[in-house]
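Inspection log for the structure reproduced underneath, given as structure tokens.
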Amino acid sequence: MSAGLVKNARGSGWITAAALPWLASLLVFFALPLAGLAALSLTDQSGQVSLANYASLADLASGRLDVLLRTLRIGVIVIIASLCIALPVAYYLAKVVQSPRIESLILLLVSATFLAGPLVRTVSWRGILGVHGLINESLLQLGLISEPILSLLYGELAMTLALTYNVFPFLLFTTYLSMKVIDDRIIAAARDLGASPAAAFFRVVLPLAAPGVVTGAVLVFVPTLSAVLEPEILGGTSSRLMATAIRDQFFHAHNWPLGATLTVVLIVSGTITLMLVALVTSLALRACSHYGLSTGVPSHAK
Amino acid sequence: MLNMRLNRRKLIRSASMGAMVTAVGRHWTRGASAAAAGEIVWGTNEAYARPDMLAPFTKVSGTQVKTELFSDPAEVVTKLKAGGAGVHMLVDGCYHVNLSYADGVLQPIDVANVPNAAKVLDEFKDVEGLSFDGKVYGVPIVWGTNSMVYRAKEAGGELTDIGALFDKQFAGRISMPNGLFESLIVGAMYLGIKKPFVMTKDEMNSVVDLLIKQKPLVRTYWNDIGDLKNLMATGEVVVGWGWQPVMELRKQDIDIRWAHPKQGELAWYDANYLTKEADGDVKASCEAFTNYLVGDTYGRILGEDAGYRTTSKLAIAAMPEDLQKKLDINNPAAFLKGATWFLNPADPPAYQAAWDRVLNA
């Protein structure tokens, strides 16, 4: 065994020891509370073991299943909407903009919106989508409508717009970073070999940026599942999401076991959806690398 | 220096005692004369206990009133149940006090030590939640109603029927409350259900059906009163079920009207209760303080500072005319005639489940 390997082995021992406090805190602050939550979900309000809370989810009249499915659906829509915004912007910043100053300025502007806080960012949509909001007033002034469009605000549309606006920078930053580290010579080589800009993007850049894209998708999806502000402030009457239902069970109905059940169901179903999203995204990106989306021609046919 | 301070303190204490003696003829010091405790603790919300509201009592009685502020009386009740909360009095409302009584944290008040209680508005004589098992536990200090509010211009005239909240004429311009199961109660009032807080299963189902049918007409459910004020101010909503603070929009020249619907309004009061931790001298001081709360001073300051309505006839009589007008307090019957009192639902989980069905639909 060489001296270097011995040194590495000793180093890994130290690393393991250094990780112990972190692992312990993970156990105490994450694993144990989650186990407690799962145990609580298996009781009724009198503390007796019961599966009634889980059975109540199957009661279609309660509407809880609808709320769960709506939450997951909105989460996926927000990922797609965020991808549509973040991918071109990230590529532009990472590979098109030549000036580091402009690059930094744009990233700073996106970051600055975070300083306003989610409440202000969410409420501001009322000023855009409301009866006397920017869009309705503009359309009225232009004579394109005679009455304000009420459906712009208070519904899934407004809620999804606000959710996307509030979370898409997570996807933008991770995607930007993963695109930034791609060696420009690889893209240049693809272009030299005849790839169009679109083909180079879909067949080279996107597959190489996949880890950042998938990480960003996770970062976008998780806060969407736990959103309370957006559905309450902009969602209207039929856009309730799971986090609001959970909050109401804990703080209004004081039914902690049912609140715990809804939380466990959200965590499990959210994780499964996330895995599916990651799988589909990976497959899609892999497909991009095999079949140039810009040409539609399989690579082996060339 | 220390002696000087002590002398000054003695001087102030003597002056306070003197002031108390000279003021003994006033209504609200009758109870205070029995006070001997140096400090009492009042569980209340911030709006009812601003320093200038409490200072007159301390000035006369020499008793300091410390506060344990809460946003929900349940917070203090939880501490009282655990014991050693150090809270001697508690402001609780008709919408919650049954639970506090059931938790065994309250004790009866000796009304002989609260003579001003006889001067409380007649509408509060037989209201539920002030007496239990034939004994008086609470003295109401503040009241109000929740009702329909509307933007007069857009509504096209006076509204006197809760039916406006279910009228297609206002589709997309209606707002209903999201908390305290209040929308369920409003639905029940509209359907003429006699006891909205103890609805049968069939009655509850009919209310849920009504509210689900109403959903396409509702712009949004408001979560706090600031939310509704914003909706009414911006014109997003023309008619809604609201609380008194919405009327503050009139100061901004917005023509908001308060409806007195034929189905009645939803009335509430907050009363002062003694906790089981008040005994001996402390109990006497608490009763004196309760007497002060329904005397001629506290209710007037409360109206001026916070815009809340007092239950005390003495305080109303002591108010300048413009304040009486501002509070619209000269004719309580206009609000309370046919009112439904806001009680705690007999079965809160069933009410939550019903409201969940509406929200999830």
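The values are calculated or read from the model by the stated rules, or taken from the named source; none is laboratory data. If you're wondering where the values come from, they're calculated on a predicted model, not measured in any experiment. For neighbour counting, all protein chains shown are included, and Cβ atoms are generated from backbone atoms with ideal geometry for every residue, glycine included.
Structure above, values below:
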read-out	value
Condition check for residue A:73: assigned to a helix (DSSP H, G or I), within 25 Å of residue A:266 (Cβ to Cβ) and without any contact (Cβ under 8 Å) to a residue 60 or more places away in the chain	yes
Sole residue being touching a Ser or Thr at 6+ places or on another chain (Cβ under 7 Å), at pLDDT below 95, farther than 30 Å from residue B:228 by Cα and not in a loop (DSSP other than H, G, I, E, B), chosen from A:203, A:286, A:191	A:203
Failed criterion for residue B:109 (all others in (1) in a helix (DSSP H, G or I); (2) at pLDDT 95 or above hold)	(1)
Condition met for residue B:264 (surrounded by fewer than 21 Cβ atoms within 10 Å (Cβ to Cβ), more than 14 Å from chain A (Cβ to nearest Cβ) and assigned to a loop (DSSP other than H, G, I, E, B))	yes
Residue list for the range B:194-206, restricted to those being buried (at least 20 other Cβ atoms within 10 Å of the Cβ) and in a helix (DSSP H, G or I)	B:196, B:197, B:204
Residues of the range B:329-348 satisfying the condition of being more than 11 Å from residue B:123 (Cα to Cα) and either of a type in the set (D, E, K, R) or more than 24 Å from the chain's Cα centre (by Cα) (or both)	B:347
Out of B:71, B:147, sole residue that is in contact with an Asp or Glu (Cβ under 9 Å, 6 or more places away or on another chain), small (Gly, Ala, Ser) and in a strand (DSSP E or B)	B:147
Among the residues listed as A:101, A:64, A:73, the single one being touching a Leu at 6+ places or on another chain (Cβ under 9 Å) and either at pLDDT 90 or above or under 30 Å from residue A:254 (Cα atoms) (or both)	A:64
Residues of the range B:182-193 classified as farther than 18 Å from residue B:352 by Cβ and part of a helix (DSSP H, G or I), total	2
Unique match (being assigned to a helix (DSSP H, G or I) and of a type in the set (Ser, Thr, Tyr)) among B:269, B:273, B:221, B:292	B:292
Residue within the range B:123-143 that is assigned to a helix (DSSP H, G or I) and touching a Leu at 6+ places or on another chain (Cβ under 9 Å) present	yes
Residue in the range A:252-265 that is of a type in the set (Ser, Thr, Tyr) and within 11 Å of chain B (Cβ to nearest Cβ) present	no
One residue from B:144, B:157 being modelled with pLDDT under 95, surrounded by 14 or more Cβ atoms within 10 Å (Cβ to Cβ) and away from chain A (no Cβ under 14 Å)	B:144
Top-ranked residue in the range A:97-134 [being within 14 Å of chain B (Cβ to nearest Cβ) and among the β-branched types (Val, Ile, Thr); ranked as nearest to residue B:232 (Cα to Cα)]	A:131
Search result, residues across the range B:194-224 that are at the interface with chain A (Cβ under 9 Å from one of its Cβ atoms), of a type in the set (Val, Ile, Thr) and within 26 Å of the chain's Cα centre (by Cα)	B:220
Restricting the range B:243-261 to residues that are outside any helix (DSSP H, G or I) and buried (at least 16 other Cβ atoms within 10 Å of the Cβ), the residue that is farthest from the other protein chains (Cβ to nearest Cβ)	B:260
Where a residue in the range A:57-68 is in contact (Cβ under 8 Å) with a residue 40 or more places away in the chain and more than 7 Å from chain B (Cβ to nearest Cβ) and its partner, wherever it lies, is of a type outside the set (A, V, I, L, M, F, W, C) and in a helix (DSSP H, G or I), with Cβ under 8 Å and at least six apart	A:57/A:64; A:57/A:261; A:68/A:269
Candidate set: the range A:188-202, residues that are within 28 Å of the chain's Cα centre (by Cα) and of a type in the set (A, V, I, L, M); chosen: the one surrounded by the fewest Cβ atoms within 10 Å (Cβ to Cβ)	A:198
Single residue of the range B:225-242 satisfying the filter (charged (D, E, K, R) and touching a residue at least 12 places away in the same chain (Cβ under 8 Å)) that is farthest from the other protein chains (Cβ to nearest Cβ)	B:229
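Matching residues to (1) without any contact (Cβ under 8 Å) to a residue 40 or more places away in the chain; (2) within 14 Å of another protein chain (Cβ to nearest Cβ); (3) surrounded by fewer than 19 Cβ atoms within 10 Å (Cβ to Cβ):
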{"position": "B:148", "(1), (2), (3)": "no, no, no"}
{"position": "B:161", "(1), (2), (3)": "no, no, yes"}
{"position": "B:179", "(1), (2), (3)": "no, yes, yes"}
{"position": "B:192", "(1), (2), (3)": "no, no, yes"}
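Yes or no, residue by residue, for (1) over 19 Å from residue A:278 (Cα atoms); (2) within 14 Å of chain B (Cβ to nearest Cβ); (3) surrounded by 18 or more Cβ atoms within 10 Å (Cβ to Cβ):
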site	(1), (2), (3)
A:52	yes, yes, no
A:72	no, no, yes
A:78	no, no, yes
A:82	no, no, yes
A:92	yes, no, no
